[in-house]
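What follows is a set of notes on a single structure, which appears directly below.
The values are calculated or read from the model by the stated rules, or taken from the named source; none is laboratory data. As the structure is a prediction and not an experimental result, all values here were calculated from the model. Note that each Cβ is placed from the backbone with ideal geometry, even for glycine, and that neighbours are counted across all protein chains shown. The area values use the complete protein model at the heavy-atom level, side chains included, leaving out ligands, DNA and RNA. Shrake-Rupley method; radii C 1.70, N 1.55, O 1.52, S 1.80 Å.
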Amino acid sequence: MMPSISPPVLSLLAAIGLGYLSGSLPWGLWLGRWLRGVDVRTLGSRNLGATNVYRSLGPAIGVPVLVLDMAKGALPTWLVPGLALTAGFPGGMEWCRLTVGLAAVLGHVFTVFAGFKGGKGAATTAGVLMALSPAAFGGFMGVFLLTLALTRYISLGSILGSVAFAITLAFTASGGVRSPSFGFGVVIAVLVILRHHENIGRLLKGQERQFSFTSKANRV
């Protein structure tokens, strides 16, 4: 007779599994194959994220990938904590949302559908942040767009935006810097920075590519 799984453990496994599965969906890889017959991992920076898809295949595919990558972070973070399957999550709904969101980001970065080599997680992280805290997401987007407008570096905008999200949570989250949400924001910021270590190196050397809304300028 197999041992039964307690409700808290079952809820934890369900939250992690559903968040990871949603985040793992490699839309950049799939849309590139389905619509253009190419593997985006052979183009540009060889990354599965929306930025490389936009630069390599143009806005007709890049924009849908951006929207889908955000949705695969936002939707599970919104929906999974309300499922009966996760009702017994240890720590309550806030911890469930944070766990699902982190699992979705890790799913994008380490997708099971592409040999555990995914994108850098910026768009999926943005979707998770939007679901967790609209106010802090506003801080993220404000800094991201301002940085992009001033420098045209998406990588720098993603890094500074994620830091701004954590800082905003320190003032808007219930409990401030003691809240689980603020701790999550710090973890996300660190993860984004680590995933952009190569970009940081290129920025310091003045070799990072600037973004242009003209698709020809973005292509390699």
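Worth a mention:
- Theoretical gain in end-to-end length, A135 to L79 [0.36 nm per residue, Cα-Cα removed]: 18.2 nm
- On Cα atoms only, tilt of 180-195 relative to the major axis of the chain in degrees: 30 degrees
- Each residue was assigned an accessible area with a 1.4 Å probe, and for I193 the value is about 60 Å².
- Seen from all directions on average, the chain presents a Cα convex hull projection of 13.4 nm².
- Measuring only protein heavy atoms, the 1.4 Å probe finds K120 accessible over about 50 Å².
- Dividing the summed helix terms, -39500 (n - 2.57) for each DSSP H run of n ≥ 4, by the number of residues in the chain produces a 222 nm estimate of -21000 deg cm²/dmol to the nearest 500.
- Annotation: extensible slack from Q210 through S179 equals 7.5 nm (criterion: 0.36 nm per residue apart, minus Cα-Cα distance).
- The residues packed around G119, meaning those with a beta-carbon under 15 Å from its beta-carbon, carry a net charge of +4 if Lys and Arg are +1 and Asp and Glu are -1.
- Largest GNM mean-square fluctuation among G49, G175, G121, using the chain with Cα springs under 10 Å: G175.
- Over the chain, relative contact order from alpha-carbon pairs under 8 Å, at least 6 apart, %: 22 percent
- Put a dot 7 Å past the Cα of E198, heading toward its Cβ, do the same for F171, and the two dots end up 3.6 nm apart.
- Square roots of 5 times each gyration tensor eigenvalue, C-alpha, segment 99-175, largest first, Å: 22, 18, 8
- Extension gain, A60 to R152: 0.36 nm times the residue separation minus the Cα-Cα distance gives 31.1 nm.
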